[in-house]
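Visitor: Got a structure here, written out as structure tokens. Questions coming.
The values are calculated or read from the model by the stated rules, or taken from the named source; none is laboratory data. Owing to the predicted nature of the structure, the values given are computational and were not obtained by experimental measurement. No Cβ is skipped: glycine too gets one built from the backbone with ideal geometry, and neighbour counts run over all protein chains shown. Ligands, DNA and RNA are stripped out before the accessible areas are found, and what is left, the full protein with its side chains, is counted by its heavy atoms. Shrake-Rupley method; radii C 1.70, N 1.55, O 1.52, S 1.80 Å.
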Amino acid sequence: MRYFVALLPPPEVIDGLAAAIAKVSGRPEPRLRWSSPPQWHVTLAFLGPVDPAVRPALAERLGRVARRHPPVEVRLDGAGRFGGRVLWARVNGDLGPLATGVRRAAARAGADHGDDRPFRAHLTLARVPAGTSPDLREVVRELDEAIAGSSWSAGAITLMSSDGGPAPTYRVESEWELRGSAASR
């Protein structure tokens, strides 16, 4: 099992995003492996495998982070791609402090995967199958226009597990309500 800490969009945002994707996902080219709506999330920190002995300390520290941070207003704001491999929805909002707090909590609990890439808020929509290299520019342009505008108040952080594989199954392990104030960060 691999673990990560995420924000989960509410059903109305998922529905709107699914409608936008339906407009472009049926195209014969480029062939993409589209993520299913139950898999959509904004990763704050990828943890990788977590030793069961570390889980209580991780839960305690993530709870502290949630108590210090207020809900965050986030907005889907278009689409983009990571090279020619991943298609994503851009997520705007002041998520940096929350992501930093989550990453620090994981490191202090001993659940740090060592991922030192800068945080870039996004929601993965599709991946390019291995061995193919489609031109994603047109799909990105169409999605960029269709996606912009959905917003929500992210009110909880969620510890998720994934069984990996080409079509991973995600499971909610724990969730903590964001209860802090802007002054308590």
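Visitor: Give, rounded to the nearest 20 debye, the magnitude of the charge dipole that the range 41-185 has about its Cα centre when Lys and Arg contribute +1 at Cβ and Asp and Glu contribute -1 at Cβ.
Guide: 460
Visitor: Still on this structure: Given charges of +1 on the Cβ of Lys and Arg and -1 on the Cβ of Asp and Glu, with all other atoms neutral, how large is the dipole of the range 1-75 about its Cα centre, in debye to the nearest 20?
Guide: So the dipole magnitude of the range 1-75 works out to roughly 160 debye.
Visitor: Taking only protein heavy atoms and a 1.4 Å probe, what accessible area per residue, in Å², does the chain have with all protein chains in place?
Guide: 51
Visitor: For the range 55-185, what is the relative contact order in percent, using Cα pairs closer than 8 Å and at least 6 residues apart in sequence?
Guide: The normalised contact order for the range 55-185 reaches 38 percent.
Visitor: As an exercise, find the ratio Rg/Rh for the range 128-180 from alpha-carbon atoms, using the Kirkwood inverse-distance average for Rh.
Guide: 1.13
Visitor: Once the whole set of protein chains is in place, how much accessible area is left on THR43, using a 1.4 Å probe, in Å² to the nearest 10?
Guide: 50
Visitor: On the first, second and third principal axes, largest extent first, how far apart are the outermost C-alpha atoms of the range 81-152 in Å?
Guide: Result, largest extent first: 43, 33, 14 Å.
Visitor: In whole percent, and with a 1.4 Å probe on the protein chains, what portion of the accessible area of the chain is carbon and sulfur?
Guide: Numbers: 4600 of 9390 Å².
Roughly 49 percent of what the probe reaches on the chain is carbon or sulfur.
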